[in-house]
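Chemist: I have a structure here, written as structure tokens, and I will follow up with some questions on it.
The values are calculated or read from the model by the stated rules, or taken from the named source; none is laboratory data. Predicted model only: the values in this text are computed from it and were never measured. All Cβ positions, glycine included, derive from the backbone under ideal geometry; neighbour counts span all protein chains shown.
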Amino acid sequence: MQSKKNILVTGGAGFIGSHLIKLLVNKYPQYRIICFDKLTYAGNLENLTEVETAENYTFVKGDISSEENVAKVFHEEEVTDVIHLAAESHVDRSISNPSQFIETNVLGTTTLLNEAKKSWSSVENLFYHVSTDEVFGSLGKEGFFNEETSYDPKSPYSASKAASDHIVRAYGHTFGLSYVISNCSNNYGANQFPEKLIPLVVNNIKNSKPIPLYGTGDNIRDWLWVGDHVRAIDEIFHKGKRGETYCVGGENEWSNLDLVKLLIHLTDKHLDRKEGSSLGLIKFVTDRAGHDFRYAVNSRKLMEELSWKPSLTPEEGMSQTVSWYMENTEWMSRVTNGIYMDYYHKQYLKR
Ligand code: NAD
Ligand code: DAU
């Protein structure tokens, strides 16, 4: 039996946060799970309808950059632990508006850390910082990131996440705050906001719209099903060594072009279209500024110390994901409303 905890999950209404909350609420009825989220364009309470009436779940609207909001939720909810996912998460938006990323990812994380430092007196209280493999920069054709890799962030997004990782470690070193950090590769699955490659592509195939591929489509990402990422977070939260870092990846590298071809195959099949009939939608567009070439993650430490491994094959995961978007067209219609279309036009129309 686990001890009683009041866990603040920041960014819980976003893509990964909502999957994590569903796992925690169902698996640990003895914990109170508090979703703390500003509900930016990326936050969506519809992702959490499955747990909204659960007795051990509460939603609190708030901004991690507001000292007042953060102090209030810590005191009213008697927060014992934080799993911190709230962030601006999209690289393209960090290129058009870097300041928002510094505000949320750097200053917001610091505001949370200050409150944790003030409120907690025991090493039992844990600050879990959820981060990205992008802090390590860009790989060439060979090699993998691991826990020893030097930081070399290249985009305003990854630089803001790298800064927040360093600040978390500094609070651990200087003030004795108990923390753990994980750096994960690209996630995919249900409920991902369609600014990210996979839901954007599936939605465009369905609507017979051009599929924008940046540059040559040769850039490589390592994809992990979101359900496996949140299982890793659960393991690390409970059993990870305090003051350490864990790399999380899918051992599942795809060039963007090959991945898009797979998504075309799966989506056309789902829609009973002729095999490959959407291939003509692929449109090579101006590259992302400073586009990292390749990410690949070595998760040996997590696998060996905590016995974690991905549960789905890439084929199973991608197929399930395409089916989810095909079967949840109302969710997609609601999130691709006016604000999304403004973003989409600015991002893609003149590309
Ligand atoms: P997301 O953009 O889907 O969700 C972010 C959530 O944070 C939203 O619910 C948003 O409303 C909330 N938020 C933003 N600013 C806030 C603020 N000031 N105060 C409170 N809430 C705020 O992001 P995601 O893809 O679910 O990523 C979650 C975390 O995981 C991020 O920290 C990201 O860096 C990290 N991560 C993401 C991936 C990935 O592939 N998506 C991979 C590795 C790590
Ligand atoms: O590696 C982990 C990171 O993965 C997370 O930290 C980020 O939060 C998450 O957004 C993701 O970053 P990427 O930039 O890799 O993901 P994105 O889905 O934006 O892009 C994936 C690849 O596809 C990348 O090489 C850029 C390319 N791309 C993306 C879009 C949106 C295109 O070719 N066309 C597009 O329209």
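Chemist: More than 16 Å from ligand 1 (Cβ to nearest atom), in contact (Cβ under 8 Å) with a residue 24 or more places away in the chain and either surrounded by fewer than 19 Cβ atoms within 10 Å (Cβ to Cβ) or not β-branched (Val, Ile, Thr) (or both): does that describe THR286?
Modeler: yes
Chemist: Further question on the same structure: With respect to the numbered conditions (1) more than 23 Å from PRO212 (Cβ to Cβ); (2) of a type in the set (S, T, N, Q); (3) part of a helix (DSSP H, G or I), which one is the sole condition not fulfilled by SER311?
Modeler: Only one criterion is unmet by SER311, namely (3).
Chemist: A follow-up question, please. Keeping to segment 294-350, report how many residues are in contact with a strand residue (DSSP E or B) (Cβ under 9 Å, 6 or more places away or on another chain) and either of a type outside the set (Lys, Arg) or within 16 Å of ligand 1 (Cβ to nearest atom) (or both).
Modeler: Result for segment 294-350: 21.
Chemist: Would you confirm whether or not segment 211-221 contains a residue that is polar (S, T, N, Q), within 12 Å of ligand 2 (Cβ to nearest atom) and in contact with a Gly (Cβ under 7 Å, 6 or more places away or on another chain)?
Modeler: Looking for residues that are polar (S, T, N, Q), within 12 Å of ligand 2 (Cβ to nearest atom) and in contact with a Gly (Cβ under 7 Å, 6 or more places away or on another chain), one finds none in segment 211-221, hence no.
Chemist: Hey, another quick one. Within segment 9-57, can you find the residues that are surrounded by fewer than 23 Cβ atoms within 10 Å (Cβ to Cβ), in contact with a Phe, Trp or Tyr (Cβ under 9 Å, 6 or more places away or on another chain) and either part of a strand (DSSP E or B) or at pLDDT below 95 (or both)?
Modeler: ARG32
Chemist: All but one of (1) in a loop (DSSP other than H, G, I, E, B); (2) within 26 Å of ARG231 (Cα to Cα) hold for LYS301; which doesn't?
Modeler: LYS301 satisfies all of (1) in a loop (DSSP other than H, G, I, E, B); (2) within 26 Å of ARG231 (Cα to Cα) except (1).
Chemist: Condition (residue is more than 24 Å from PHE145 (Cβ to Cβ) and within 16 Å of ligand 1 (Cβ to nearest atom)) applied to segment 173-192: is it met by at least one residue?
Modeler: Scanning segment 173-192 turns up at least one residue that is more than 24 Å from PHE145 (Cβ to Cβ) and within 16 Å of ligand 1 (Cβ to nearest atom).
Chemist: Can you find, within segment 312-326, the residue that is surrounded by the fewest Cβ atoms within 10 Å (Cβ to Cβ) among those that are hydroxyl-bearing (Ser, Thr, Tyr) and under 19 Å from PHE15 (Cα atoms)?
Modeler: By that ranking, first place goes to SER323.
Chemist: Follow-up. Among the residues of segment 327-339, count how many are surrounded by fewer than 16 Cβ atoms within 10 Å (Cβ to Cβ) and either in a helix (DSSP H, G or I) or modelled with pLDDT of 90 or more (or both).
Modeler: Count: 8.
Chemist: Still on this model: Could you pull out every one of the helices (runs of 4 or more DSSP H) wholly within segment 58-166 that has 1 or more residues that are under 16 Å from the mean Cα position of the chain (by Cα)?
Modeler: Once the helices (runs of 4 or more DSSP H) in segment 58-166 are filtered for at least 1 residues that are under 16 Å from the mean Cα position of the chain (by Cα), what remains is 91-96, 98-101, 109-119.
Chemist: Going by the structure shown, is SER208 over 17 Å from THR313 (Cα atoms), surrounded by fewer than 20 Cβ atoms within 10 Å (Cβ to Cβ), of a type in the set (Ser, Thr, Tyr) and away from ligand 1 (no atom under 16 Å from the Cβ)?
Modeler: yes
Chemist: Give me a count of the residues in segment 103-150 that are hydroxyl-bearing (Ser, Thr, Tyr) and exposed (fewer than 15 other Cβ atoms within 10 Å of the Cβ).
Modeler: Number satisfying all stated conditions: 3.
Chemist: Here's a check for you: in segment 236-257, which residue that is in contact (Cβ under 8 Å) with a residue 40 or more places away in the chain and surrounded by fewer than 18 Cβ atoms within 10 Å (Cβ to Cβ) is nearest to ligand 1 (Cβ to nearest atom)?
Modeler: Selected residue: GLU251.
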